[in-house]
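Single-structure report; data block below.
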Amino acid sequence: MSNVKMFCDALPNIPWQEKPADVTAPVWRYSENPVIDRNPVEGVARIFNSAVVPYEGKFIGVFRGEQVNGIPYIYLGRSEDGIHWTFDKDKIPFVNEKGEPFMPVYAYDPRLVKVEDTYYIIWCQDFYGASIGIAKTTDFKTFVRIENPFIPFNRNAVLFPRKINGMYTLLSRPSDSGHTPFGDIFLSQSPDMEFWGRHRHVMSKGSNWWESVKIGGGAAPIETSEGWLLFYHGVTGTCNGFVYSIGGAILDKDEPSKVLYRCGNFLLTPEKWYEERGFVPNVCFPCATLQDADTGRIALYYGCADSYVGLAFTTVDEVVDYIKTHDNAGPTDHEVGIR
Ligand code: BMA
């Protein structure tokens, strides 16, 4: 097996479980999944599609909470071990740049990414149609919304954890306003997190059967000696509706719109009761990873059936090897993505 380096901090307290002897797949589930069950806090029926980071020796996260009135919002959660979580009862109190309350109409599928000294929350919200919202915080007490990066419609965005060639870099999936029956991953850059441009195509849907309908960024890419390791979601259609699986790709370090390797096989697909059964059956929706530079361990957080949060594990050596061995990147993947 290769010896791939991750350019990130050591995280000795990363949640972890060794790979069970009977698992042959490159990613394995936590035996006690789901880690967040239904009705986790008063007024919230389900938490799923959520993102976490290490913080002050513990863990903190932004969680998609479906309120009992059906409207999704983002809630803050804290954990000592990355597995057992407690949540604030109130929604994250977003403010505008003057410090005045500025709550989105609704908010879902949050990502949480630290770039330099600032934590950015990126989510899907209403902006005269589904679009991307961003807020920043340095202390998890004040959450300041900044300019929306894109006009509608776009329902899925993920920020890289550092500037690339001096530019903030965001993956997103332009779409229509609803449960889009199409979609590719694009990349956009910004010098200041306000003005976005240099748009590039990254990957198309459709090259593999399990991701034939649409794809979207998942966890913030992890910088490795092989390139940016991206866990993303891929959707296929069946006579009974969509199925969301987790895929893996490796993007060029300096020009991440170029896909170096793209796994022809899914890394994880709905198989367990909590992935197959729920508010929306057959959904595995990755939103975050934790990683430890010293051991190469990766813990992957994913939404399950729009009802629960699950945790899965791999190592950077194992997953990169698997992606490279099963590479099925096509010609449009390898392009810079300008036409
Ligand atoms: C997508 C998003 C996700 C959701 C998924 C499956 O379009 O809305 O929030 O998990 O559909 O319902």
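What follows is calculated from the coordinates using simple rules that are stated; it is not laboratory data. Just so it is clear, the model here is predicted, and its values are computed rather than measured. All Cβ positions, even for glycine, are placed from backbone atoms using ideal geometry, and neighbour counts span all protein chains on display.
Which peptide among 225-235, 162-172, 301-311, 100-110 comes first, and what is the full order, when sorted by highest mean count of other Cβ atoms within 10 Å?
Numbers: 225-235: 23.9, 162-172: 19.0, 301-311: 26.1, 100-110: 17.2.
Peptide ranking by packing, descending: 301-311, 225-235, 162-172, 100-110.
Let's test the formula: R0 of 35 Å, r as the Cβ-Cβ distance of residue 19 and residue 128. What FRET efficiency results, to the nearest 0.05? Mind showing how you got there, number by number?
Numbers: r = 47 Å, r/R0 = 1.34.
Between residue 19 and residue 128 the formula returns 0.15.
Given an 8 Å cut-off on Cα distances and at least 6 residues of separation, report the relative contact order of region 28-326 as a percent.
15
Which three semi-axes in whole Å describe the equivalent ellipsoid of region 99-183, each the square root of 5 times a Cα gyration tensor eigenvalue, listed largest first?
Here the semi-axes work out to 22, 17, 9 Å.
How large is the Kirkwood hydrodynamic radius of region 182-339, counting all unique pairs of alpha carbons, in Å?
Every distinct Cα pair counted, the radius reaches 16.0 Å.
Given the C-alpha centroids of region 220-262 and region 16-48, what is the distance between them in whole angstrom?
21
Considering just Cα atoms, how many Å³ per residue does the convex hull of region 118-237 enclose?
114
Could you let me know the centre-to-centre spacing of region 88-160 and region 269-327, using Cα atoms, in angstrom?
One Cα centre to the other: 24 Å.
Project the alpha carbons of region 16-164 onto their principal axes and report the range along each, largest first, in whole Å.
Extents along the principal axes: 53, 41, 32 Å.
Mind scanning 89/141; 5/272; 114/205; 98/141 and naming the pairs with a C-alpha gap bigger than 23 Å?
Check vs 23 Å cut-off fails for 5/272; 114/205.
Take the chain, drop everything but the C-alpha atoms, weight them equally and run the Debye formula without solvent; then report log10 I(q)/I(0) at 0.06 Å⁻¹ to two decimals.
One equal scatterer on each Cα of the chain leads to -0.18.
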